[in-house]
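Q: Below are the C-alpha cells for one structure; questions will follow.
The values are calculated or read from the model by the stated rules, or taken from the named source; none is laboratory data. Since the model is a prediction, treat every value here as computed from it, not as a measurement. Cβ coordinates were reconstructed from backbone atoms using ideal geometry, including for glycine residues, and neighbour counts include every protein chain displayed. Heads up: the accessible areas ignore ligands, DNA and RNA and are worked out on the full protein's heavy atoms, side chains in. Shrake-Rupley method; radii C 1.70, N 1.55, O 1.52, S 1.80 Å.
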Amino acid sequence: MAKLLIVGSLAFDAIESPFGKTDKILGGAATFIGLAASQFKLDPAIVSVVGGDFPQEYLDLLADKGINLDGVEVIKGGKTFFWSGKYHNDMNTRDTLVTELNTLADFNPVVPNGYKDADVVMLGNLHPGIQLSVIQQMEKRPKLIVLDTMNFWMDNTLEELLDVIKHIDVLTINDEEARQLTGEYSLVKAAEKIYGMGPQFVVIKKGEHGALLFHKKEVFFAPALPLEEVFDPTGAGDTFAGGFTGYLASTTNISFENMKNAVIQGSNLASFCVERFGTERMQSLKKEEVDERLYQFKALTQFNIELQ
Ligand code: AMP
C-alpha cells in the first residue's frame, strides 16, 4: 500500500458560527487531513506534537482509522496548540480570535523510519521551517510533495515560506491568500507567479465557490456541492487536502488528468466536513455516503452541448 506522510497541527479548536458555539473540541490541520485520507486504501502517518492535556481518546480515534501515530510527540507538561475562530454570516469568511502555538512553537518534527520513503508527503498548515525539516528527513524524493499554508505564515515567516515552497510540487492555498502571496488579483496571474516560486501545480480553494487546479496553461474547476446545511467550515481546506493527497497516493498516479479526479475527491469530502461542527461528521463518515455523493458531483457538472 502506498504511504502518505502527513505533517500538521493536532489541536483544540473553539468555534463560533451563526449556528452556535463550541468549547474546546478536537481540531487541527493534521486531524482533518488524516480523517479524510483514511477514506482511501493507503498507509497514512501523522507527524505532529501535542501536550499532556490532549485526550488519549483523540489519539485512539485517529489510530482506529488506521493512521500511524509513531511521529506524534506527546510533551507531558506542555499544552496543545489552541486555535479559535469566528465565522461571519456568509460562512465563507472568518476572523481568527486566538492562535496559541504552545507545544507547536518549538516543535522539532521526527519522521518515523518506516515513513522516510513515503510516496506522497502532505505538508499541512504549520510553520514553514517544520515543513522544510520534514522534506529534508526523507530518504528519497517522494513522488509528490503537497503544501498547504495560510496568511498567518505569510505575515510572520514569509522568507521561510518562500524557501520551502521551492521544494514542493503542489501548493494548495485559498484565493485571498494567493492574492496576498503574489500581489496579483487575477487568480490566473497568481498561479503563474506561484509556478515561478517552484511548484508545477497550484490549487486555489474558493470555499463554497469550489476549487481551481492550475498546471502550465491548463486549468480545471471543481464546484463545491451546494448544501442545505453548513454549520462550520473549519477544516474544509484540510479535508480537501486529505482527500486530494489520499486519492493520489492510493491510485499511485500523479498525472494532471488524475489530479482532476483528486480535486473532485477532495471537494466531495470537504462537503461532508462542513455539515457538523469540528470533526464530528468526518468521524462517522461511511464509504457508501462518499460514493453516493460523487454521483451528485458528476450530475452537477455534466452537460450535453454538442460542440462542432
Ligand atoms: P481550515 O479551516 O482548513 O483552514 O483549517 C482549520 C484548522 O487549522 C483548525 O482545526 C486549526 O486548529 C488549524 N490551524 C489554524 N491556524 C493554524 C496555524 N497557524 N498553524 C497550524 N494550524 C492552524
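Q: Mind checking Rg over Rh on the stretch 3-301, alpha carbons, Kirkwood formula for Rh?
A: Radius of gyration over Kirkwood radius for the stretch 3-301 works out to 0.93.
Q: A further question follows. How would you rank 277-283, 181-187, highest first, on the average number of other Cβ atoms within 10 Å across their residues?
A: Highest-to-lowest ranking by the protection proxy: 277-283, 181-187.
Q: Further, regarding this structure: Among the lysines, which fall within straight-line cross-link reach of residue 216, defined as a Cα-Cα distance under 21 Å, with same-chain neighbours fewer than 8 residues apart omitted?
A: Reachable lysines: 143, 166, 189, 193, 205, 206, 260.
Q: Nothing charged except the Cβ atoms of Lys and Arg (+1) and of Asp and Glu (-1): what's the magnitude of the dipole of the stretch 3-301 about its Cα centre? Round to the nearest 20 debye. Could you put the intermediate results ahead of the total?
A: On the way: 28 positive and 41 negative charges, 151 e Å.
It comes to approximately 720 debye.
Q: Have a look at 134, 270, 198 and report the one farthest towards the positive end of the charge dipole of the chain, computed about the Cα centre with Cβ charges (Lys/Arg +1, Asp/Glu -1).
A: 198
Q: Checking understanding here: applying a Kyte-Doolittle mean of at least 0.5 and a length along the axis of at least 27 Å (C-alpha), which whole DSSP H helices in the chain pass? Present the calculation step by step, with values, prior to reporting the outcome.
A: Values: long enough: none.
Counting only whole DSSP H runs, no helix qualifies.
Q: Arranged from highest to lowest average of other beta-carbon atoms within 10 Å per residue, in what order do the peptides 29-41, 155-167, 263-275 appear? Walk me through the numbers before you get to the answer.
A: On the way: 29-41: 27.3, 155-167: 14.9, 263-275: 25.2.
Result, highest mean Cβ count within 10 Å first: 29-41, 263-275, 155-167.
Q: Could you order the peptides 71-84, 199-212 from most to least packed, using the average number of other C-beta atoms within 10 Å per residue?
A: Working: 71-84: 18.6, 199-212: 20.9.
Those peptides, ordered most packed to least, come out 199-212, 71-84.
Q: Per residue, how large is the accessible surface of the chain? Use a 1.4 angstrom probe and give square angstrom.
A: Here the residues of the chain average 46 Å² of exposed surface.
Q: Sticking with the crude label model, points 7 Å out along Cα→Cβ, report the distance from residue 41 to residue 275 in nm, one decimal please.
A: For the pair residue 41/residue 275, the computed spacing is 2.5 nm.
Q: Output the antiparallel fraction of DSSP beta bridges having both residues in the stretch 3-301, as a percent to the nearest 5.
A: Taking every DSSP beta bridge within the stretch 3-301, about 40 percent pair in antiparallel fashion.
Q: What value, in deg cm²/dmol to 500, does the helix sum -39500 (n - 2.57) over DSSP H runs of n ≥ 4 give at 222 nm once divided by the residues of the chain?
A: So the helix-based figure for the chain works out to -11000 deg cm²/dmol.
Q: Express the carbon and sulfur contribution to the solvent-accessible surface of the stretch 3-301 as a percent, rounded to the nearest whole number, probe 1.4 angstrom.
A: Its accessible area is 49 percent carbon and sulfur atoms.
Q: Under 25 °C and 0.890 mPa s, how fast does the stretch 1-140 diffuse according to Stokes-Einstein, given a Kirkwood radius computed over C-alpha pairs? Answer in µm²/s, whole number. Don't skip to the end; give the middle numbers.
A: Working: Rh = 15.6 Å.
The calculation lands on 158 µm²/s.
Q: Sticking with this one: Given points 7 Å out from each Cα along the Cα-Cβ axis, report the residue 97 to residue 151 separation in nanometres with one decimal.
A: Result for the modelled spin labels: 1.8 nm.
Q: Once label points are set 7 Å from the Cα along Cα→Cβ at both residue 64 and residue 289, what is their separation, rounded to one decimal in nm?
A: 1.5 nm
Q: Name the lysines eligible as straight-distance cross-link partners of residue 287: C-alpha to C-alpha under 18 Å, and not fewer than 8 places from it in the same chain.
A: By straight Cα distance, residue 287 reaches 41, 65, 298.
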